[in-house]
Amino acid sequence: MNNAIESINLTKYYDDLLAVDHINFEVKKGEIFGFLGPNGAGKTTTIRMLTSLTKPSEGTAKIFGHNIQSETLDAKRYVGIVPEISNVYDDLSAWDNLMFTGELYQVRKAEREKRAKELLEMFGLYDRRNDKTKGFSKGMKRRLTISMGLINNPQLLFLDEPTSGLDVQSALIIKDVVRELNQKGVTIFLTTHNIEEANVTCDRVAIINKGKIAAIDTPEKLKKTIQSVQSVEVAFDNASPKIMKELENISLVNEVRKEGDKFRLYTHDPTSVLEGLWEYAKTNNLKPISLNTLGPSLEDVFVRLTGMNVKAERRNFDE
Amino acid sequence: MNKNRFSASRLKADLNASWAIAKKDMRIYYIKPGTLMFGVLFPLFMFLSFAVGKNAPAATLIPGLISITILFSASSIGPMVIPTERRVKTFERLLSAPISFYSIILGKTLGGFLFSLAIGVIPLFIGLIWFGTQIISLLGLILGLALPAFCFATLGIMFASFPTENPGDIMMLLNIVRLPLIFISGLYIPIESLPDWGQVVAMFSPLTYANDLVRYALEGRTNYGPALDSIVLLLFTAAFLFIGVRLDKKFRK
């Protein structure tokens, strides 16, 4: 048995709405597996089914070989869950939150005390262990939620948007711990809106859209599927944002996006665009201060597969 | 093959988890303003508003005060705790743990049970110390406190199965049931003084049997007998639990 998760035709209807449409995938033991998709694509429903919070309408899944429906409690025993919302008990201290979670998972007293101390130290919360968590910052609550997800030494950790909206310190601690856990053999199932985070963290990613798996592979292999989407990134020392329209008129440029102080020109022929760009800069007396040619990013793959058109969505929003 | 089967080790794990949930609820929710309001002050003032001015010896009012206190305190915990936990998503923490759903229900019921025992003995001690109340049957008293406390705790859990995140929604529904119960269960007007239709309606109220049991323990008077009172209270408890679990399955898709 090499799979931590095996999803077999997993399906969920909410009345007539098909939220998850017969999805099949495996997560191998020891992998960091990213689960990406736009809002409403079926990510959370899939996690809720895998963690037995929601009953599948059709199909099933196995967690380390245990069927989530017929062997629910055995399947749950292997799992640690960190939901998108930090669900700690505000009226309990950090220590008591961990002790309670340990009791729910039948961790013996001596073991849960030892483990709680380790986790609080690992997440930089040990000095605040006796404080009620209602006084904790968002980042501290997030770190405590992850600690609670780890109190039972799970072999599989579900992380739902672990670093979303966090301060830099908390995000870095969490990323380090995730990497460390994975090195110790813990399988990580990660959902995130931060595609760059998935790109640098995950061994494989699945992209889910409208309830179906649109693609599943390693980030680099996914990028290779859209080699036609390449780009030239340029920053000028004195350019106004208004030049975007003019950059779009350069021959063979398909689209221009402004990214901070840089402009990204999408094309299937970066060499020709570079020539056109050079001409444009000379004619308009602009001085390039950085210039890069880039391959497709995981975000490009995501946009392509989910059919997300940022410009069109923005237009709709403005209207 | 379904392997979610019963075993002694699983039962032990579930009971430990239930106790952990009950302890946690006691620490967090017992002193919340909403709990004290609906579980302690509300029954006290309800009772006083009807009892004060009546020409009855104070001692005869004590069994009714105990019954009404147990009804309100036991049935208030579930409706306070469960919607609140739904709102802050901690209820999902319980649902995702490797314990059975019955273990969670038992933990929540224990919370209401212990709370109402602690509150229910207060009018008992007041009666014993200041109003000459006597204990005629100790076993009857233990049953008269414990069985209604458990029964009304499951009544609260049953109502808390409605999928709302606002405790007020449940309290409103619950009061539609609780308030009429106190008028048809022989607390203010003895059952035998009710008209025939009133006596029939009273038989469908669990508070009738709770009050009858406490009256038997403290006054030696009973309409149905302690054995029948106990059996009917157990049947109500089983029915509330069954309906609560069914409602939860229906609403939690």
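Just a few scattered comments:
- Test result for A:G34, closer than 30 Å to A:R304 by Cα and in contact with a Ser or Thr (Cβ under 8 Å, 6 or more places away or on another chain): yes
- Residues in the range B:182-203 that are surrounded by fewer than 23 Cβ atoms within 10 Å (Cβ to Cβ) and under 16 Å from the mean Cα position of the chain (by Cα): B:I182 only.
- Screening the candidates A:T54, A:T11, A:T45 for the property of being in a loop (DSSP other than H, G, I, E, B), within 14 Å of another protein chain (Cβ to nearest Cβ) and in contact with a strand residue (DSSP E or B) (Cβ under 8 Å, 6 or more places away or on another chain) yields one hit, A:T54.
- For the criterion of being in contact with a Leu (Cβ under 8 Å, 6 or more places away or on another chain), at pLDDT 90 or above, surrounded by fewer than 21 Cβ atoms within 10 Å (Cβ to Cβ) and within 11 Å of chain A (Cβ to nearest Cβ), B:E92 passes.
- Filter pass, A:E103 being buried (at least 20 other Cβ atoms within 10 Å of the Cβ) and more than 21 Å from the chain's Cα centre (by Cα): yes
- A single entry from A:E84, A:E161 fulfils the requirement of being at pLDDT below 90, crowded, with 20+ Cβ neighbours inside 10 Å and charged (D, E, K, R): A:E161.
- The residues listed here are A:N152, A:N182; of these, the one that is among the polar types (S, T, N, Q), buried (at least 20 other Cβ atoms within 10 Å of the Cβ) and either touching a helix residue (DSSP H, G or I) at 6+ places or on another chain (Cβ under 8 Å) or at pLDDT 90 or above (or both) is A:N152.
- Residue list for the range A:14-42, filter: within 14 Å of chain B (Cβ to nearest Cβ) and either closer than 21 Å to A:V178 by Cα or of a type outside the set (D, E) (or both): A:Y14, A:L17, A:L18, A:A19, A:V20
- Within the range B:164-182, the residues that satisfy the criterion of being out of contact with any Lys or Arg (no Cβ under 7 Å at 6 or more places or on another chain) and outside any helix (DSSP H, G or I) are B:T164, B:N166.
- Set B:S9, B:S18: member being surrounded by fewer than 15 Cβ atoms within 10 Å (Cβ to Cβ) and either within 11 Å of chain A (Cβ to nearest Cβ) or over 21 Å from the mean Cα position of the chain (by Cα) (or both): B:S9
- Top-ranked residue of the range A:67-123 - restricted to ones that are small (G, A, S) and within 21 Å of A:G135 (Cβ to Cβ), ranked as nearest to the other protein chains (Cβ to nearest Cβ): A:S86
- Test result for A:E121, assigned to a helix (DSSP H, G or I) and surrounded by fewer than 18 Cβ atoms within 10 Å (Cβ to Cβ): yes
- Out of A:A94, A:A110, sole residue that is within 27 Å of B:G107 (Cα to Cα) and under 27 Å from the mean Cα position of the chain (by Cα): A:A94
- Screening A:R304 against (1) touching a Lys or Arg at 6+ places or on another chain (Cβ under 9 Å); (2) within 30 Å of A:K212 (Cβ to Cβ); (3) outside any strand (DSSP E or B) leaves a single unmet condition, (1).
- Failed criterion for B:I176 (all others in (1) exposed (fewer than 15 other Cβ atoms within 10 Å of the Cβ); (2) closer than 27 Å to B:P226 by Cα; (3) under 17 Å from the mean Cα position of the chain (by Cα) hold): (2)
- Put simply, of B:A153, B:A239 the only residue that is surrounded by fewer than 16 Cβ atoms within 10 Å (Cβ to Cβ) and of a type in the set (A, V, I, L, M, F, W, C) is B:A239.
- Test: residue in the range A:129-137 that is touching a strand residue (DSSP E or B) at 6+ places or on another chain (Cβ under 9 Å), away from chain B (no Cβ under 12 Å) and not charged (D, E, K, R): yes
- Residue within the range A:211-223 that is within 29 Å of A:D269 (Cα to Cα), in a loop (DSSP other than H, G, I, E, B) and over 12 Å from the mean Cα position of the chain (by Cα) present: yes
- Close contacts from the range B:132-144, counting a first residue that is farther than 17 Å from B:I122 by Cα and a second that is modelled with pLDDT of 90 or more, with Cβ to Cβ under 6 Å and a gap of 6+ residues or different chains, come to B:S137/B:A217; B:G140/B:Y216; B:G140/B:A217; B:G140/B:P226.
- Members of the range B:119-141 found to be of a type in the set (G, A, S) and modelled with pLDDT of 90 or more, listed by number: B:S137, B:G140
- Among the residues of the range B:76-89, the ones that are of a type outside the set (S, T, N, Q) and within 12 Å of chain A (Cβ to nearest Cβ) come to 6 in all.
- Residue check, B:I122 away from chain A (no Cβ under 14 Å), assigned to a helix (DSSP H, G or I) and either among the charged types (D, E, K, R) or surrounded by fewer than 24 Cβ atoms within 10 Å (Cβ to Cβ) (or both): yes
The values are calculated or read from the model by the stated rules, or taken from the named source; none is laboratory data. These numbers were taken from a predicted model, which means no experiment stands behind them. Quick reminder, even Gly has a Cβ in these numbers, built from the backbone with ideal geometry, and neighbours come from all protein chains shown.
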